[in-house]
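Peer 1: To start, I am sharing the structure in question, which I have written as structure tokens.
The values are calculated or read from the model by the stated rules, or taken from the named source; none is laboratory data. As the structure is a computational prediction, the values presented were derived from the model and not from experiment. Methodologically, a virtual Cβ is constructed for each residue, glycine included, from the backbone with ideal geometry; neighbour enumeration extends over all protein chains shown. Please note that ligands, DNA and RNA were not included when accessible areas were found on the heavy atoms of the full protein model with its side chains. Shrake-Rupley method; radii C 1.70, N 1.55, O 1.52, S 1.80 Å.
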Amino acid sequence: MRTVAVFLALTLLQQPTFRTGTNLVQVDVVVANEDGQPVAGLTKDDFVVLDEGRAVPITAFKFVNVADGDGRERYPVRSADDEEREASRDDSRLFAILIDDYHIARQIGPLRLREPLTAFVRSLGPSDLAAIYYPMESPHDVRLTYDRAPLLQAIEHLEGRSHEYFAKWPAEEEHLKQLPQIERIRTQVVFGAAMSIVTHLGELKVGRKTLLWVTEGLDPSGYGGDATGFRMDLDEVIDAANRNNVSIYPVDPRGLTTTREDFKQEMLKATAFRTSGRAIVNRNNIHDALMDVSREARAYYLLGFESPHPADGKFHGVSVRTTRPRVRIAARAGYWALTEAELASSRAAPIVVPAEVNDAMRRLADRLRPTTDDLPFMRHVIPSSTQTGRILATPTIMVVRGSKEPEVAARPEFLRSQRIAVRATLIGTQPADVVAQLLDRLGRPLTKLPVTTFAGTCDIPLTLGSLGPGDYVVLVSARRGEEQVDHYVALRVSR
């Protein structure tokens, strides 16, 4: 986009491609029968993949079905780390809903959209992550979540603002100073929001993701007749969706019309077709159409093949066919080849997170569950390590308040303005060497921490003001002779 700098910054995030390995490309394929139900039981021999019209061997194959989920408990999403962890589950579907209130009429949109969108949100499964965005919101403001309450609240506040100019957000005060350009600015804000959303979804998951784009459509009239500029900006959004394996489903609330199809409807249909989605336009029954979207995302095939192209960074068209009769398929239109720099980066050794750190992060998620605050009998110290050495007892996190005696923290979540210390009791009368390190959530060392020992108790003060928001692990190691014990204590800094 060429204006609205605040949203330009959001689109400068790294745009991952949907592949694993150096040049393995993954394309998601939805296969449905005549009734629109997903078709299971196919093998890779039932598919043919054409790259730029030439058949390529399928080297990776997987059927993804959310009904096959393991039934594990879902943890609340309170941070970017939580969102990334939960989205990585195979049975977690990702749904983003962009409500373009700039291009929804006040008299039509809320009346026709609230009920079907509410029904769609309520129909999502327990393992589905979803978020609702308005044009001035970004993935930095709104998290994908299992909690339906904020989604339903966002729908309740839906109201159209087409050709109505008033500021709901501080940044819109600046837009109102440029009234001759206001429609162009609004359109570019929407394009920027869509770009940031599809990019964020691509960073979270390799498989299929869904963006419901609720809008009456956009056209070059708001660009002062600059059709070329409009199409270039729209193409950027579509290219980003294809880079990040996001299928776009435009939803037009205007319903069935008797007039000739206009440019806006053509734009919505083209966007859906080019991203393997489906346009819900010229339809009165939006409710059933949205139920079909959920059903289509329930099961799909991931086909992988080695790209025959050099690292040219170009878009290459892909088509997928099946030998199974009387079925319809929807597949990604193509992929972006790696650049030389991306190819070199893909050869780098992956980060291996120590099992002990993963265990600590899991325990952190356990302790951050909302019921921990609500149920007093759950306020117990969860072990910080699976080791049971005889040198150092399980550490606890203490909140330090001036000259008062430190108190045990009820939750391992703290503000940067708070003072805390990790405390552990030495076991036995023999001296021991105790050291501590601060690790990031991937187990990478950040800094050594001071350890103070007095009367058989070890205190490790931690200055939170120098840390950014996120999850951290304190590694406490105690050695006595040939025996050593390590404890991993995870905590969260919220802001």
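Peer 1: Only sites in a loop by DSSP and with at most 10 other Cβ atoms within 10 Å count here; which chymotrypsin sites (Phe, Trp or Tyr not before Pro) in segment 127-205 make the cut? Provide the component values of the computation, followed by the final result.
Peer 2: Values: sites: TYR133, TYR146, TYR165, PHE166, PHE191; in loops: TYR146, TYR165, PHE166.
Answer in residue order: PHE166.
Peer 1: Using only the Cα atoms, work out Rg/Rh for segment 19-155, with Rh taken as the Kirkwood radius, to two decimals.
Peer 2: Numbers: Rg = 18.6 Å, Rh = 18.1 Å.
Computed over Cα atoms, the ratio is 1.03.
Peer 1: Take the Cβ-Cβ distance between ARG416 and GLU156 as r, set R0 to 30 Å, and report the resulting FRET efficiency rounded to the nearest 0.05.
Peer 2: Once the sixth-power term is evaluated, E becomes 0.35.
Peer 1: Out of residues 5 or more away from LEU392 or on other chains, whose amide H comes under 5 Å of its own, with H placed 1.01 Å from N in the peptide plane?
Peer 2: Under 5 Å from the amide H of LEU392: ILE427.
Peer 1: Please work out how much accessible surface HIS140 shows to a 1.4 Å probe, ignoring ligands, DNA and RNA, in Å² rounded to 10.
Peer 2: That residue has around 110 Å² of solvent-accessible surface.
Peer 1: Given the protein chains as shown and a 1.4 Å probe, how many square angstrom of ASP147 are accessible, to the nearest 10?
Peer 2: ASP147 has an accessible surface of roughly 80 Å² with all protein chains in place.
Peer 1: OK, next. Count neighbours as other Cβ atoms within 10 Å of each site's Cβ, and list the trypsin sites (Lys or Arg not before Pro) in segment 391-475 that are DSSP loop with at most 13 such neighbours.
Peer 2: On the way: sites: ARG401, LYS404, ARG416, ARG419, ARG423, ARG441, LYS448; in loops: ARG401, LYS404, ARG416, ARG441.
Taking segment 391-475 and a limit of 13 other Cβ atoms within 10 Å, the loop trypsin sites (Lys or Arg not before Pro) found are ARG401, LYS404.
Peer 1: From the backbone phi of segment 102-107, what are the Karplus-calculated ³J(HN,Hα) couplings (6.51 cos²θ - 1.76 cosθ + 1.60, θ = phi - 60°) in whole Hz, Gly and Pro given as x?
Peer 2: Listing the rounded values in order: 5, 10, 10, 6, 4, 6 Hz.
Peer 1: Hey, another quick one. Please find the FRET efficiency linking ASN282 to THR429, where r is the Cβ-Cβ separation and R0 is fixed at 60 Å, and quote it to the nearest 0.05.
Peer 2: So, using R0 = 60 Å, E works out to roughly 0.15.
Peer 1: Relative to the longest principal axis of the C-alpha atoms of the chain, give the angle of the C-alpha long axis of helix 263-274, reported between 0 and 90° and rounded to the nearest 10°.
Peer 2: So the helix axis and the longest Cα principal axis differ by about 50 degrees.
Peer 1: Please compute the modelled spin-label separation between THR43 and LEU176, points set 7 Å along Cα→Cβ, answer in nm with one decimal.
Peer 2: Result for the modelled spin labels: 6.6 nm.
Peer 1: Another question about this same structure. Sum -39500 (n - 2.57) across every DSSP H segment of at least 4 residues in the chain, then divide by the residue count to get the 222 nm mean residue ellipticity, nearest 500.
Peer 2: -8000 deg cm²/dmol
Peer 1: Classify segment 105-144 as rounded, prolate or oblate from the Cα gyration tensor: take a ≥ b ≥ c as the square roots of its eigenvalues, call it rounded if a/c is under 1.5, otherwise prolate when a/b beats b/c and oblate if not.
Peer 2: Since a/c reaches 1.5 but b/c is at least a/b, the shape of segment 105-144 is classed as oblate.
Peer 1: Something else: Can you list the GluC sites (Glu not before Pro) in segment 168-276 that are in a DSSP coil and have 11 or fewer other beta carbons within 10 angstrom?
Peer 2: In loop regions of segment 168-276 (DSSP not H, G, I, E or B), the sparsely surrounded GluC sites (Glu not before Pro) are GLU261.
Peer 1: So I have (1) 156, 52, 38; (2) 88, 57, 43; (3) 74, 52, 49, and one of them is Cα extents along the principal axes in Å calculated from this model. Which one is it?
Peer 2: (2)
Peer 1: Continuing with the same structure: Under a cut-off of 23 Å between alpha-carbon atoms, report the lysines in cross-link reach of LYS314, not counting same-chain residues fewer than 8 places apart.
Peer 2: Output for LYS314: LYS205, LYS209.
Peer 1: Would you kindly derive the ³J(HN,Hα) couplings of segment 127-135 from the backbone phi angles with the Karplus curve 6.51 cos²θ - 1.76 cosθ + 1.60 (θ = phi - 60°), listing them in order in whole Hz, with x for Gly and Pro?
Peer 2: 9, 8, 9, 9, 8, 10, 10, 9, x
Peer 1: If you split all Cα-Cα distances of segment 193-251 into 5 Å bins from zero, what percentages do you get per bin, shortest first?
Peer 2: Bins of 5 Å from zero give 4, 19, 25, 22, 16, 9, 4, 1 percent of pairs.
Peer 1: Short version: ³J(HN,Hα) in whole Hz for each residue of segment 447-458, in order, from phi by Karplus 6.51 cos²θ - 1.76 cosθ + 1.60 (θ = phi - 60°), x for Gly and Pro, what are they?
Peer 2: 6, 7, 10, x, 10, 10, 10, 8, 6, x, 10, 9
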